[in-house]
Amino acid sequence: MVDLQGQYAKIKDVVDPSIEEVMNSASFINGPKVHQFQKNLENYLGVKHVIPCANGTDALQIAMMGLGLKPGDEVITADFTFAATVEVIALLQLTPVLVDVDPVTFNIDIDAIKKAITPKTRAIVPVHLFGLAAEMDAIMDLAKEHNLYVIEDNAQGIGADYTHQDDSKTKTGAIGHVASTSFFPSKNLGCYGDGGAIFTNDDDLAHTIRGIVNHGMYERYHHDVVGVNSRLDSIQAAVLDAKLPHLDDYNKARQNAARKYNEAFGDHPKIIIPSGRTQCNGICETCDCHVFHQYTLNLKEVDRDALVAHLQEKNIPCGVYYPIPLHRQKAYADERYNEADFTVTNSLVKSVISLPMHTELDNEQIEFITSTVLSFIDRNS
Ligand SMILES: *Cc1c(COP(=O)(O)O)cnc(C)c1O
């Protein structure tokens, strides 16, 4: 699904010296590289504060801790996302409220959020799923109206632009009250181990969060709140700082691959190609609403699982993100949920398939993948 070796070979000459600097300084924790990367990422995103931490799941948890959410507070998020999003809500003894997604964008459905808001609701967690910016203006409006926090799960969307109703643009992760991201190796900006970060434009919240990531310490050995130990280590920061200048090119490479996939699949009656926020399918020249963390097709009347098996046979990697709706996972099932409220997710889990998507895909690979998919579908219909 990804080609991290191919990508590393091309940037070895900047990554290796950056790591070597850390080795020579022996400043492995909270070293200058961490600070340097933090500043560079703040500039890139146009956000006031980046607080690095150990991984994207911690980032979400710490964001919620920073907002002071209390057990019993309801937090609305998408039924169709990676489990980490709902996991931290449950872990903090908040009440997860899963809602359905939009059938075209796969992102959290605005009307479903509206229906789910109660007097106990405190926050909404939109996920920029597969790299496509969620409908942030509508979500921020709802949050303002109901006095809620918005926590963006930007683990899959780093580098994407959200275009507001007035045509101005903001990077995803710089719009909500707070955001989280992951630097897991296969993410759009990945390190060579685990890593994550929290973003916010709120000075007070940033201060609170900087203490939480460091055992609740604001002054050495004074623990004012219960915190955690969650750090981005200097070696990972060195990798990330060397890769950050390439992020836009990496996302462009993903968009180019998506364009070629779209050209091959766009006219097929049984294949729905990914959507952008507008009519652009995510790949027009004027917006970066989609950074294609995943390239995901929605199949109509195709035996998805047979296609998966066929691709595996042909040594073409593929993935099903995600095969089970969160509201039906044992850990998160709840009698409050009504199947009729999850028709989109219940259908997507059976019809989506994600194809190889990374920065190193060449025309020959894409041609082999698309022709194999198309001939299977045409032969079996
Ligand atoms: C990857 C991911 C996370 C978790 O990130 P980790 O660094 O693996 O903890 C959270 N949310 C979403 C949507 C993700 O894709």
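The values are calculated or read from the model by the stated rules, or taken from the named source; none is laboratory data. Given the structure is predicted, the values throughout are model-derived calculations rather than measurements. Quick reminder, even Gly has a Cβ in these numbers, built from the backbone with ideal geometry, and neighbours come from all protein chains shown.
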Do you know which residues across the range 251-272 are without any contact (Cβ under 8 Å) to a residue 40 or more places away in the chain and assigned to a helix (DSSP H, G or I)? Lys252, Gln255, Asn256, Arg259, Asn262, Glu263
Of all residues in the range 197-214, which are of a type outside the set (Asp, Glu), closer than 13 Å to Val47 by Cα and part of a loop (DSSP other than H, G, I, E, B)? Asn201
Find the residue count for the range 305-346, including only residues that are surrounded by 19 or more Cβ atoms within 10 Å (Cβ to Cβ), among the β-branched types (Val, Ile, Thr) and in contact with a helix residue (DSSP H, G or I) (Cβ under 8 Å, 6 or more places away or on another chain). 1
What's the number of the only condition in (1) within 12 Å of the ligand (Cβ to nearest atom); (2) closer than 28 Å to Leu69 by Cβ; (3) not acidic (Asp, Glu) that His164 fails to meet? (1)
Being outside any helix (DSSP H, G or I) and either on the phi < 0 side of the Ramachandran plot or of a type in the set (Gly, Ala, Ser) (or both), is that true of even one residue in the range 363-378? no
Within the range 176-187, restricting attention to residues that are crowded, with 24+ Cβ neighbours inside 10 Å and more than 10 Å from the ligand (Cβ to nearest atom), which residue is farthest from Ala242 (Cα to Cα)? Gly176
Counting only residues that are assigned to a strand (DSSP E or B) and aliphatic (A, V, I, L, M), which one in the range 130-155 is surrounded by the fewest Cβ atoms within 10 Å (Cβ to Cβ)? Val150
Answer with yes or no whether Ile158 is in the same structural domain as Pro71 (by TED's automatic domain parsing) and either within 13 Å of the ligand (Cβ to nearest atom) or part of a loop (DSSP other than H, G, I, E, B) (or both). yes
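Being surrounded by fewer than 21 Cβ atoms within 10 Å (Cβ to Cβ) and assigned to a loop (DSSP other than H, G, I, E, B) narrows it down to one of Asp194, Asp248, so name that one.
Values: Asp248 fails: assigned to a loop (DSSP other than H, G, I, E, B).
So the residue among Asp194, Asp248 that is surrounded by fewer than 21 Cβ atoms within 10 Å (Cβ to Cβ) and assigned to a loop (DSSP other than H, G, I, E, B) is Asp194.
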Considering only the range 1-102, give the strands (runs of 3 or more DSSP E) lying wholly within it that have at least 2 residues that are away from the ligand (no atom under 13 Å from the Cβ) and within 18 Å of Gln236 (Cβ to Cβ). 49-53
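Residue-by-condition table, conditions (1) of a type in the set (A, V, I, L, M, F, W, C); (2) over 15 Å from Phe80 (Cβ atoms):
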residue	(1), (2)
Gln93	no, yes
Val97	yes, no
Val101	yes, no
Asp109	no, no
Ile117	yes, yes
Thr121	no, yes
Pro126	no, no
Leu129	yes, no
Leu132	yes, no
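Pick from Asn55, Asn30: which is touching a strand residue (DSSP E or B) at 6+ places or on another chain (Cβ under 6 Å) and closer than 23 Å to Val213 by Cβ? Before you say what the answer is, go through the steps one by one.
Values: Asn30 fails: touching a strand residue (DSSP E or B) at 6+ places or on another chain (Cβ under 6 Å).
Residue meeting the stated conditions: Asn55.
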If I filter the range 123-141 for residues that are closer than 28 Å to Ile272 by Cα, touching a residue at least 40 places away in the same chain (Cβ under 8 Å), away from the ligand (no atom under 16 Å from the Cβ) and not assigned by TED's automatic domain parsing to the domain that holds Val344, do I get at least one hit? yes
Residues in the range 197-229 that are surrounded by fewer than 15 Cβ atoms within 10 Å (Cβ to Cβ) and either of a type in the set (Asp, Glu) or within 16 Å of the ligand (Cβ to nearest atom) (or both): how many? 5
For Glu74, which of the numbered conditions (1) surrounded by 21 or more Cβ atoms within 10 Å (Cβ to Cβ); (2) more than 21 Å from Leu297 (Cα to Cα); (3) touching a Leu at 6+ places or on another chain (Cβ under 9 Å) fails to hold? (1)
Number of the exception - Arg220 against (1) at pLDDT 95 or above; (2) over 15 Å from the mean Cα position of the chain (by Cα): (1)
